[in-house]
Amino acid sequence: MKLSILFILLQFVLLQGCTHSLHLSHQSDFGPSFKAYAQGEWVKSKAEQFVVMGFVSDTNYVDIAYNRLQDECPKGQIQGIQTQYSTSHGFFSWTNVIQMQGLCVK
């Protein structure tokens, strides 16, 4: 009996580090001055937030991802931004991930 409970708890702990969840996927629009798709270049950025038992220290990871995306297109305008918000779970911790990509039109 005690061995089976220990086995179940061990499975719970080991499986906890294997889960991943995509929470949100968003697509923005293209501006009225949108040029042809072939004239743009796709740019990408990513930022993460590490959380331990609900405690965080960095809460501006979305702004960091957006600023990195803008830095990838210094002399243009980014249109059609796609944003994905996901979480990777660990043992009493998780990592929130923001991935952004957009079409840099110069």
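Things to note:
- When +1 charges are put on Lys and Arg Cβ atoms and -1 charges on Asp and Glu Cβ atoms, the dipole computed for the range 42-88 relative to its Cα centre reaches about 160 debye.
- Near Y61, once Lys and Arg are set to +1 and Asp and Glu to -1 for all other residues with Cβ below 14 Å from its Cβ, the sum equals -1.
- Residues V56, V62 in ascending order of nearby Cβ atoms (within 10 Å, fewest first): V56, V62.
- Charge tally around G76: other residues with Cβ under 9 Å, Lys/Arg +1 each, Asp/Glu -1 each, net +1.
- Taking θ as phi - 60° and the Karplus parameters 6.51, -1.76 and 1.60, the scalar couplings of the range 19-30 work out to 9, 8, 9, 9, 8, 8, 9, 10, 10, 7, 8, 9 Hz in sequence order, x denoting glycine and proline.
- For the range 19-105, a/c is not less than 1.5, where a ≥ b ≥ c are the root eigenvalues of the C-alpha gyration tensor, and a/b tops b/c. That puts it in the prolate class.
- Dipole magnitude (debye, nearest 20) for the range 19-105, charges at Cβ of Lys, Arg, Asp, Glu: 160
Values in this text are rule-based calculations from the coordinates and carry no lab data. Computed from a predicted structure; not experimentally measured. Cβ: placed from backbone, ideal geometry, glycine included. Neighbour counts: every protein chain shown.
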